Protein chains: 2
Amino acid sequence: MGEPNVRVDAAVLQQFTADVLVGFGLSRDEAAITAEVLIASDIRGIDSHGVPRLGYYAERLRKGLINLTPNFRVITETPATIAFDADNGMGHPAAYRAMRRCIEKARETGLCMATVRHSNHFGIAGYYAMMALEEGLCGVAMTNATPLVIPTFAREPYLSTAPIAVAIPAGRERPIVVDLATSTVAWGKIEIARREEKPIPWGWALDAEGNITTDPFAAVALTPLGATRELGSHKGYALALVVEVLCGQLAGAAWSRYVAGSRTVPPRPANIGHAFMAWRIDAFRPEEEFLAEIDQMLAELRAAEPVEGQPRVYVPGDPEDLAEADRRANGIPVHPKVLAELRALGDEVGVPAPF
Amino acid sequence: MGEPNVRVDAAVLQQFTADVLVGFGLSRDEAAITAEVLIASDIRGIDSHGVPRLGYYAERLRKGLINLTPNFRVITETPATIAFDADNGMGHPAAYRAMRRCIEKARETGLCMATVRHSNHFGIAGYYAMMALEEGLCGVAMTNATPLVIPTFAREPYLSTAPIAVAIPAGRERPIVVDLATSTVAWGKIEIARREEKPIPWGWALDAEGNITTDPFAAVALTPLGATRELGSHKGYALALVVEVLCGQLAGAAWSRYVAGSRTVPPRPANIGHAFMAWRIDAFRPEEEFLAEIDQMLAELRAAEPVEGQPRVYVPGDPEDLAEADRRANGIPVHPKVLAELRALGDEVGVPAPF
């Protein structure tokens, strides 16, 4: 800890990030989309998936593990489905383009599901789900990733944290934005505890024997949501498996056990898969009726009486909305170590940091 | 406890159940589908949703709260979506017909989502998801219900246990069948603890102040999957909310806070909603490739080394498959109290119990 975070203007950080990615060989277009998604994560307070990740992407680019000139293409298509191959390009632009096309098709057909194979880490799932909100549609995004989650009763990680994001439009109320890993916590929480040399709560992580540990240094994998069989970890495991099938076998990507990460030897392309959905509300009922009833529910939930010691009841997306209001006004708080890493990355490719 | 369960042949139990439902005024067709779904639940070991529930349905029928001659009809339709109105008929036949049509449309279009409004309790979600397996499709089923689940930090239940079922075909391996409530446990587990006068595990239920209780008699509501904020209850809450929106506001049914149950005064129709999905695998990639890769993953998971003290690692659906093998061979174990209730229901409508 020690030094306080430095606030950096979001637009400045985004321009720098895009320039650095161009310096590492990405096209201006691919770099712009990637930077946009990374900074959106920082703006929404999901620091684990924002610019602190730039070093990870730079490492993959430096090693030639990501295709700089991918032929992003359609594999197969029906009126309500479309399957893409990202040709091992960056995950963010692949996901952005797949979701954009998914939304277009849903506008035409009422509903669409899209898959992407041969992709890479795509940042926060919530970004792509929220793209549907701009068009008044409901949106879903999910991805697989490297193995970190241990199925109930197993010893080793077979599945990824298997995030699911769902965005649902509202009328006057702020929309519902669900964006969650199906593990109890994200791996980033273990890394934070290691930096702070503090024990982690019971139920978050497992040691090399597959038993729960509160020592972040003994933690090698994460529990599925539910933590233990008694508290429902078989449900978190089941949800992770559904995400796995959609993003792995249905998309035609690797399944998480075989997704390559930064510690895979020898290094190879990740072959991550994604899945997206979008649907029109008026395919099911008049939009204004839906929005009015969503507003009513959200107003009731947001006004619900909290338990003692808690200020209020949140709707999914509210904490991120609060972070966004702060960060748009005051800049993104960046840890000094992350700032130093960003400056070093800029130096490596001849992009001076404006902070 | 005391008396042991009595084994009753599944076909005998199903015929009796159908006859009793006809006795309460259902058409032969509606009664047959309802009995089929109820007994499927018992066969798969999900006793909480099988024939022990017959008394609940009989009570709704006796009070005239379910429409005996519903006009199940299409509200609106696009190539990939369809919205039904169940006209307050029994939930099982409404769900069965909606999923049947959803599967047909998915066979034509590649993907379909169906919703149902003005419906009633439909039994196990897994039954409808598994219907897709017979056609080689992936299937999804969900429903809302009476309020039992407390959003993170709230005092009162606003949401239902919001079950989701997903069925995914395999090749040589047994398929994946996910069927879970997004609460930590089902309410039936609290009822069992009350009958046995035993404390419940920490994390399952909340008392009237919204605090965790291990006293089943103090429990008035359930935690979302994750149990506490620290262990991720905001994720279970978020998943329940997604199910709620699809089955409530999107379908045009009540949302769970306003779904009527057996204790609602004055009694009124439930207005439960359901949502279903189905998709063709070959809309995304060749089916045989998908099935081979699913088989490979399932074989690896089923052969995974378990933690000490556990015999094996399960795939979602395995425990139910084991129950099914036993119950098809040896009959369905029915509690003597339940048998007595079933006999009384039979007597009420002139259907002698063959057990």
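Values quoted throughout were computed directly from the atomic coordinates according to the rules given, and no laboratory measurement underlies them. Remember, predicted model here, so these are calculated numbers, not experimental data. Glycine gets a Cβ as well: all are built from the backbone with ideal geometry, and neighbour counts include every protein chain shown.
Remarks
- Three-way shape call for segment A:21-131 based on the alpha-carbon gyration tensor, with the a/c threshold at 1.5: oblate
- Residue order, fewest to most surrounding Cβ atoms within 10 angstrom, among B:Arg107, B:Arg28, B:Arg229: B:Arg28, B:Arg229, B:Arg107
- Cα gyration tensor category, rounded, prolate or oblate, for chain A with a/c compared to 1.5: rounded
- Structural descriptor for segment B:1-140: relative contact order 20 percent, calculated from alpha carbon pairs under 8 angstrom and at least 6 residues apart.
- Taking each of A:Lys235/B:Lys63; B:Lys235/B:Lys337; A:Lys63/A:Lys198; B:Lys63/B:Lys235; A:Lys198/B:Lys198; B:Lys198/B:Lys337 in turn, the alpha-carbon distance tops 30 angstrom for A:Lys235/B:Lys63; B:Lys235/B:Lys337; A:Lys63/A:Lys198; B:Lys63/B:Lys235; A:Lys198/B:Lys198.
- For segment A:217-232, the Karplus equation 6.51 cos²θ - 1.76 cosθ + 1.60, evaluated at θ = phi - 60°, returns couplings of 7, 8, 6, 10, 7, 10, 7, x, 3, x, 6, 10, 4, 4, 9, x Hz by residue, with Gly and Pro reported as x.
- Whole-number D in µm² s⁻¹ for segment B:25-83, Kirkwood Cα-pair radius fed into Stokes-Einstein, 4 °C, 1.567 mPa s: 96
- Chain A holds its axis-closest Cβ, relative to the rotation onto B, at the residue and whole-Å distance A:Ala80, 2.
- Taking B:Cys138, B:Cys112 and counting other C-beta atoms within 10 Å, the order from fewest to most: B:Cys138, B:Cys112
- Normalising the average separation of contacting C-alpha pairs (under 8 angstrom, six or more residues apart) by the number of residues puts the relative contact order of chain A at 22 percent.
- Per-residue Cβ neighbour rank within 10 angstrom, fewest leading, A:Asp179, A:Asp19: A:Asp19, A:Asp179
- Choice from B:Ala292, B:Ala283, B:Ala303 with maximal GNM fluctuation in chain B (Cα, 10 Å cutoff): B:Ala303
- Given R0 = 35 Å, the distance between the Cβ atoms of A:Glu348 and B:Glu308 translates into a calculated FRET efficiency of 0.15.
- Selection from A:Pro169, A:Thr143, A:Trp187 lying farthest towards where the dipole of segment A:116-195 points positive, charges on Cβ: A:Trp187
- Centre separation in Å (Cα based) which lies between segment B:169-184 and segment A:23-38: 39
- DSSP finds beta bridges in chain A, and of those with both partners inside it, around 85 percent are antiparallel.
- In nm, spacing of pseudo-spin labels at B:His335 and A:Glu288 (7 Å Cα→C-beta vector): 5.1
- Bridgeable aspartates and glutamates around A:Lys189 (alpha carbons under 19 Å apart, same-chain partners fewer than 8 residues away excluded): A:Asp42, A:Asp47, A:Asp179, A:Glu197, A:Asp207, A:Asp215, A:Glu320, B:Glu230.
- Inter-part distance where segment A:267-322 and segment B:47-91 are each reduced to a Cα centre, Å: 28
- Only helical runs count toward this figure. For chain B, summing -39,500 (n - 2.57) over DSSP H runs of n ≥ 4 and dividing by all residues gives -11500 deg cm²/dmol at 222 nm.
- Shown in residue order for segment B:189-206 are the 3J(HN,Hα) couplings computed by the Karplus curve 6.51 cos²θ - 1.76 cosθ + 1.60 at θ = phi - 60°: 5, 6, 5, 4, 5, 5, 4, 8, 6, 10, x, 9, x, 4, x, 7, 9, 10 Hz (x for Gly and Pro).
- Sparsely packed trypsin sites (Lys or Arg not before Pro) within segment B:130-213, loop by DSSP, other Cβ within 10 Å at most 13: B:Arg172
- For segment A:86-92, putting each phi into the Karplus relation 6.51 cos²θ - 1.76 cosθ + 1.60 with θ = phi - 60° gives couplings of 7, 6, 6, x, 3, x, 5 Hz, in residue order, rounded to whole numbers and with x for Gly and Pro.
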